[in-house]
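Asks: Provided herewith is a single structure, encoded as structure tokens, for subsequent inquiry.
The values are calculated or read from the model by the stated rules, or taken from the named source; none is laboratory data. Predicted model, so just to flag it, every value in this text is computed and none were measured. When we count neighbours, we look across all protein chains shown, and the Cβ atoms used for this are built from the backbone with ideal geometry, even at glycine. Each accessible area value is taken on the protein alone, full model and side chains, heavy atoms only, with ligands, DNA and RNA left out. Shrake-Rupley method; radii C 1.70, N 1.55, O 1.52, S 1.80 Å.
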Amino acid sequence: MKSDLVRFEDWTDPVPPAAREVVSCLPEDDIGHPPLLFISGPRPAASIFSDHWLGHAAGRGFPSYALSPRPGGDLRAQVHDTVQVAASLPRQAVLIGHGLGALVVARALGRYPARAAMLTAPVLGGWPVARAFSLFSRPALPAPVGDPPVLVAGSPDDRAVSRKALDRAAAGYGGAPLLFPGMGHDLMLEEGWEEPIDAILDWLEKQLPMPGH
């Protein structure tokens, strides 16, 4: 990372080190696809991806990792951990955030030059259960470093994130949301969970040159 991407407060008040829980699922053969780093909200952490999406993405050739938020960590700490883990992966990563994890990804994009990013069911403005992230005085989201493609996905039937919120989030990145009607907030746990992750990976393959394509 270039020094000009490191914020002043990280020099004067560095995020304390902490053990990081990272769950991974790797393809049988490395065909050169970019690694995916999934970021969740505070609950239920990385396990929300490990049931279905990690293995499914690995089956399509994508090395897949999921990071659990550090206990008691604030938004700055979660962004720091995301950037650090992404930078440690063998290739430039794709960041995928869900719920409050989408806010972490949106902030991390201002510091890490991701290949691409997906914000699924994004909670970008905070909600009553988001106190652990201290979101109520959220600063404006930074412009992504390197101008990567960013996809916003969700369900118009999500009771936590409205269709208007999805439209606003997608418009902020110059696009329209990818919608999955009839599904709830946790797309990766719903019946029919394959549809969102396959659509996300199809989009990614169209956006980025993939080895062998």
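Asks: Being open to solvent by less than 80 Å² (accessible area, probe 1.4 Å), in a loop (DSSP other than H, G, I, E, B), under 17 Å from residue 76 (Cα atoms) and modelled with pLDDT under 80, is that true of even one residue in the stretch 17-39?
Replies: no
Asks: Output the residues belonging to the stretch 47-81 that are modelled with pLDDT of 95 or more and of a type in the set (S, T, N, Q).
Replies: 64, the sole residue that qualifies.
Asks: Looking at the stretch 67-92 only, could you name the residues that are over 14 Å from residue 141 (Cα atoms), in a helix (DSSP H, G or I) and in contact with a helix residue (DSSP H, G or I) (Cβ under 8 Å, 6 or more places away or on another chain)? Talk me through it step by step, then tell me what you get.
Replies: Pass one, the stretch 67-92, residues over 14 Å from residue 141 (Cα atoms): 67-74, 77-78, 80-92.
Those still in the list that are in a helix (DSSP H, G or I) too: 77-78, 80-88.
Of everything in the stretch 67-92, those that are over 14 Å from residue 141 (Cα atoms), in a helix (DSSP H, G or I) and in contact with a helix residue (DSSP H, G or I) (Cβ under 8 Å, 6 or more places away or on another chain) turn out to be 78, 80, 82, 83, 86.
Asks: Just to be sure I understand, how many residues within the stretch 177-213 are touching a strand residue (DSSP E or B) at 6+ places or on another chain (Cβ under 8 Å), under 25 Å from residue 41 (Cβ atoms) and of a type in the set (A, V, I, L, M)?
Replies: Matching residues across the stretch 177-213 total 7.
Asks: Could you look through the stretch 93-132, keep only residues that are part of a loop (DSSP other than H, G, I, E, B) and surrounded by fewer than 17 Cβ atoms within 10 Å (Cβ to Cβ), and pick out the one that is modelled with the highest pLDDT? Can you show your working first?
Replies: Start the filter on the stretch 93-132 by keeping residues that are part of a loop (DSSP other than H, G, I, E, B), which leaves 93, 99, 109-115, 121-127.
With the extra rule that they be surrounded by fewer than 17 Cβ atoms within 10 Å (Cβ to Cβ), the set shrinks to 110, 125, 127.
On the way: 110: 96, 125: 77, 127: 45.
Ranking the qualifying residues of the stretch 93-132, first place goes to 110.
Asks: Do you know which residues across the stretch 175-207 are open to solvent by 60 Å² or more (accessible area, probe 1.4 Å), in a loop (DSSP other than H, G, I, E, B) and on the phi < 0 side of the Ramachandran plot?
Replies: Going residue by residue through the stretch 175-207, those that are open to solvent by 60 Å² or more (accessible area, probe 1.4 Å) are 176, 181-182, 189, 191, 194-195, 202, 206-207.
Applying the additional criterion that residues be in a loop (DSSP other than H, G, I, E, B) yields 176, 181-182, 189, 191.
Result: 176, 181, 189, 191.
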